[in-house]
Amino acid sequence: MSKRMDGDLVLEIPTDIKSITAAVDYVMSRCVSCEVQARRLNLNFRVGLTEALTNAMMYGNGADPSKNVVIELVMGEGQLQATVRDQGVGFDPTSVPDPTLPENISRPCGRGLFLMRELLDEVWYNDQGNEVTLVLRLESGGAFEGSASA
């Protein structure tokens, strides 16, 4: 399900790991920017959004198919901002071990958070820890293309 209001794009998708690629592709197809931004959009933003959705579904919603994930996108003021919200109880992002430390190299957790922080200009969480906001700064603006439909 998607809707568009005042320049924002809002998607609600089921907790189904197979839906991530289609959701990210849909978001990317709606983002228009100059060619200079294409690489950052197609690499940094795509990977960051994919990681955020994976974490929301697998950890936040506990892979529960009865729960949904909401993606809200805002383009403006020279940046693209995506907020991903799950229906879980949340977590403390500071409690996740740094995956780059030698003692954590073989641990499976923390890599997605690390990638989001490295690839995007800003990453922050709400107080509950069930919502992450990703910001990619754009050099020359951009816009959403066309209108979204369900």
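The values are calculated or read from the model by the stated rules, or taken from the named source; none is laboratory data. Only a predicted model underlies this, so the values are computations on that prediction, with no experimental measurement involved. No Cβ is skipped: glycine too gets one built from the backbone with ideal geometry, and neighbour counts run over all protein chains shown.
Cβ-Cβ distances below 9 Å connect the following pairs, each with a first residue in the stretch 101-130 that is hydroxyl-bearing (Ser, Thr, Tyr), a second residue that is outside any loop (DSSP other than H, G, I, E, B), and a separation of six or more residues or different chains: Tyr125/Pro93; Tyr125/Glu131; Tyr125/Val132; Tyr125/Thr133. Among the residues of the stretch 83-92, not one is within 15 Å of the chain's Cα centre (by Cα) and at pLDDT below 95. When we screen Ile71, Ile20 for residues that are free of Cβ contacts under 8 Å to residues at least 40 places away in the same chain, buried (at least 19 other Cβ atoms within 10 Å of the Cβ), at negative phi and not acidic (Asp, Glu), the only hit is Ile20.
Here Met28 meets each of (1) under 14 Å from the mean Cα position of the chain (by Cα); (2) among the hydrophobic types (A, V, I, L, M, F, W, C); (3) at pLDDT 90 or above with one exception, condition (3). Scanning the stretch 80-96 for residues that are assigned to a loop (DSSP other than H, G, I, E, B), in contact with an Asp or Glu (Cβ under 7 Å, 6 or more places away or on another chain) and within 23 Å of Pro14 (Cβ to Cβ) turns up nothing.
Listed here are the residues, each with its yes/no results for (1) out of contact with any His (no Cβ under 8 Å at 6 or more places or on another chain); (2) exposed (fewer than 14 other Cβ atoms within 10 Å of the Cβ); (3) among the polar types (S, T, N, Q); (4) over 21 Å from Val24 (Cβ atoms).
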site: Thr83; (1), (2), (3), (4): yes, no, yes, no
site: Gly90; (1), (2), (3), (4): yes, no, no, yes
site: Pro99; (1), (2), (3), (4): yes, no, no, yes
site: Pro108; (1), (2), (3), (4): yes, yes, no, yes
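The residue that is farthest from Arg40 (Cα to Cα), among those in the stretch 93-120 that are hydroxyl-bearing (Ser, Thr, Tyr) and either modelled with pLDDT of 85 or more or within 11 Å of the chain's Cα centre (by Cα) (or both), is Ser95.
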